[in-house]
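One structure is given here, and the rest of the page talks about it.
The values are calculated or read from the model by the stated rules, or taken from the named source; none is laboratory data. Being a predicted model, the structure only gives us computed values, none of them experimental. Just the protein is used for accessible areas: all its heavy atoms, side chains included, with ligands, DNA and RNA removed. Shrake-Rupley method; radii C 1.70, N 1.55, O 1.52, S 1.80 Å.
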Amino acid sequence: MAKTDGPITIKKYANRRLYNTGTSTYVTLEDLAVMVKAGEDFVVYDAKTGEDITRSVLAQIIFEQENKEGQNLLPINFLRQLIRFYGDSMQMMVPRFLEASIDSLTKEQEKFRGQLAQTFGGGFGSFEEQVRRNTEMFERAFAMFAPFARQAGQAGQAEKSGDADKPVGSPTPSGGTEEITDLKRQMEEMQKRLDRLSDKDK
């Protein structure tokens with residue numbers, strides 16, 4: 001099928017069937033997964049309401065892939081931590097953090113492919129070193145992210161219990177207002193660290 005200027009429109013009907021308007025054919029989640037891997041962009045709409053349900057369909061694709069033996073990408077601890085962030089005061093920060101992390105990994109994959117091509121002639125040493133460096137990068141990023149999440153959670157609990165005037169960290173003369181300002185400053189500092197970390201490992 002010829003490439004279009006915009007994303008392909010997929011319609012989902014009440015019987016859960018997916019219809020590709022570009023090819024005028026019904027498709028499966030596996031077909032959509034192949035399209036994603038091929039770099040084809042698409043949006044999915046509910047055929048009845050017109051609601052954009054692309055996010056939920058992509059989540060379904062991930063669920064299907066995770067259920068295939070030997071295809072698991074998401075560690076259990078990661079999934080548990082991700083669930084904890086739903087409804088948390090730090091929830092708004094998670095998408096940006098994950099996008100920055102996956103963008104960095106996507107850029108690094110070209111280096112991985114190059115190293116893999118050289119392993120047959122030069123051994124696995126350099127490739128393993130690259131994997132180790134990237135693993136350490138993500139471990140540092142998550143370790144850096146965790147303290148902010150814990151402190152934000154403590155601040156949220158203080159507000160719910162009526163102790164918002166008590167500082168979470170060191171005492172402050174103006175109470176909750178200072179805490180919010182300090183939390184915003186820490187969040188900004190975290191993003192700067194993530195940016196520097198990403199630049200360092202390019």
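Here the extension length gained between E189 and T23 equals 55.0 nm, from 0.36 nm per residue of separation less the Cα-Cα distance.
Residues whose amide H comes within less than 5 Å of that of F42, counting only those at least five positions distant or on another chain, are I8 (H built at 1.01 Å from N in the peptide plane).
Applied to the range 16-22, the Karplus parametrisation 6.51 cos²θ - 1.76 cosθ + 1.60 on θ = phi - 60° returns per-residue 3J(HN,Hα) values of 6, 7, 10, 10, 8, 6, x Hz, with x for Gly and Pro. Under a 5 Å amide H to amide H cut-off, with H placed in plane at 1.01 Å, what residues pair with V27 once short-range neighbours are removed? The answer is L18, Y19, N20. Per-residue 3J(HN,Hα) values for the range 39-46, derived from phi via the Karplus relation 6.51 cos²θ - 1.76 cosθ + 1.60 with θ = phi - 60°, read x, 7, 8, 8, 10, 10, 10, 5 Hz in sequence order (x marks Gly and Pro). The length gained on full extension between K107 and N15, counted as 0.36 nm times the residue separation minus their Cα-Cα distance, comes to 29.2 nm. Evaluating 6.51 cos²θ - 1.76 cosθ + 1.60 at θ = phi - 60° for every residue in the range 25-37, the Karplus couplings come out as 9, 7, 10, 10, 4, 5, 4, 5, 4, 5, 5, 4, 5 Hz, glycine and proline recorded as x. Enter the accessible area of V36 (Å², nearest 10), with the probe set to 1.4 Å and all protein chains included. It works out to around 70 Å². With a 1.4 Å probe rolled over the protein heavy atoms of all chains, the accessible area of S101, S56 falls in the order S56, S101, largest first.
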